[in-house]
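Written out below as structure tokens is the structure these notes cover.
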Amino acid sequence: MKIIDFRLRPPFSKFLDGWLFDKDYLANLSRKFNSSVPKAALDRSVETCVQEMDEAGVTYGVIPGRTSFGMDNADLETIMNKHPGRFITLAGLDPLADRETTKKEIERYVINGKCSGVALEPGYAPEPLQVDDGRLFHIYDLCQELNVPMLLSFGGLNHPALRYVKPETMDNVAEYFPKLTFILAHGGFPWVQEVCWTAYQKDNVYLSPDIYAMNGPGAADYIAAANGMLYDKIIFGTAYPVVRLKDGVDFYLKAGIREENLE
């Protein structure tokens, strides 16, 4: 079985400049999910990260581009070229960019480039947005028109306040754009049962709860969903470097998910 980690942020590019690879911040955050800071985060080395992928049995790591970190999508192509066959990338989109700018970015890096989709983080915009804010609709519309899947950060720490992750906002967007595939990073936490309902009812919504399926309130509901009504809608991810890759893989393999559903 090939293991694809759908949310893996290696130590490279602008990831290194922010809180994501601050060792003190990571030590506290990792502990919350019964893990520890990965060696690659301490070494700040992509090569060490690839070694950790091998040790954990991770075939591919999916890297979401992050405009909120000031990352240029060209950096995604650079890491794919340097480590061929190990990373799948999603072009980061600016939530506040106009339609023409967004279209050019999608065409350059997805349609005519190496990225396999896009990543959007409305909660990290300079002015945080709810996912059903009309100012985002041209982005959804373009992705639907161009048949480009979207990793949408919805849940966890990607929002400054609880009102930005109200489950009905995501339900609205899934209804308005039924032909756009949404994968929800952080799986809508903490509204676990509500977002599972949306994924169950809406064919275009998938959940990647990553660390929020590990050792926390509501975590058992994600596992229950993977064992039944959402057996084909839960996508594995670790949110690396928040947890060690092996810890994330081992947790999901031992969480009680039925063998026939693991693939």
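Out of Val165, Val173, Val195, Val205, one residue alone is at pLDDT below 95, farther than 25 Å from Glu77 by Cα and not small (Gly, Ala, Ser). It is Val165.
Of all residues assigned to the stretch 217-229, none qualifies as being among the aromatic types (Phe, Trp, Tyr), open to solvent by 10 Å² or more (accessible area, probe 1.4 Å) and under 25 Å from Thr59 (Cβ atoms).
This table checks each residue for (1) of a type in the set (Gly, Ala, Ser); (2) at pLDDT 95 or above; (3) over 19 Å from the mean Cα position of the chain (by Cα).
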| position | (1), (2), (3) |
| --- | --- |
| Trp19 | no, no, no |
| Thr48 | no, yes, yes |
| Pro64 | no, yes, no |
| Arg108 | no, yes, yes |
| Ile111 | no, yes, yes |
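All conditions but one from (1) open to solvent by less than 40 Å² (accessible area, probe 1.4 Å); (2) under 19 Å from Pro64 (Cα atoms); (3) in contact with a helix residue (DSSP H, G or I) (Cβ under 8 Å, 6 or more places away or on another chain) apply to Leu151; the one that does not is (3). Scanning the stretch 204-256 for residues that are among the acidic types (Asp, Glu) and under 15 Å from Gly188 (Cα atoms) yields a count of 2.
The values are calculated or read from the model by the stated rules, or taken from the named source; none is laboratory data. This structure is a prediction, so every number in the text was calculated from the model and none was measured. Virtual Cβ from ideal backbone geometry, glycine too; neighbours counted across all protein chains shown. Just the protein is used for accessible areas: all its heavy atoms, side chains included, with ligands, DNA and RNA removed. Shrake-Rupley method; radii C 1.70, N 1.55, O 1.52, S 1.80 Å.
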